[in-house]
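The values are calculated or read from the model by the stated rules, or taken from the named source; none is laboratory data. A quick note: this is a predicted structure, and the numbers were derived from the prediction, not measured. Using ideal geometry, Cβ is built from the backbone for each residue, glycine included, and neighbour counts are taken over all protein chains shown.
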Amino acid sequence: GAVRATNKWLYLCEPWKLTAPEDQAEKEAIIATSVEAVLLIAHLFLPFAPEAAASLLSSLAFPATPLPDLSPAFNNLAPGWKVTSGEILFKKLPVPEEAAEPLPPP
């Protein structure tokens, strides 16, 4: 869904490789678009994962807003919007040893 598509897009854009001064505008645009995607994903999570969504919205300092009121043009946040980091939302669960073993062939 949206999370996987955003992750793939970020992976393909590789903003961490944009280190030259002339790449700064492109890097900032990628980061701004990514933050907008997180904002929209947080709103999509509200009915299913309200605590995670609330944590994301808190990090973005943005109130929960009805989806129709959000701009689909990815311009809900002003340039320079301050974002804070939060806790890890979904920690990896340990895999039991028996589940880690490969399954026998059919």
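A compact table of results
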quantity	calculated
Every pair of residues 6+ apart whose Cβ atoms lie under 8 Å, when the first sits in the range 9-29 and is surrounded by 10 or more Cβ atoms within 10 Å (Cβ to Cβ) while the second is part of a loop (DSSP other than H, G, I, E, B) and not small (Gly, Ala, Ser)	GLN24/LEU18; GLU26/LEU18; LYS27/LEU18
Residue list for the range 42-58, restricted to those being surrounded by fewer than 18 Cβ atoms within 10 Å (Cβ to Cβ) and in a helix (DSSP H, G or I)	LEU44, PRO50, GLU51, ALA52, ALA54, SER55, SER58
Within the range 68-95, tally of residues that are basic (Lys, Arg) and modelled with pLDDT of 95 or more	0
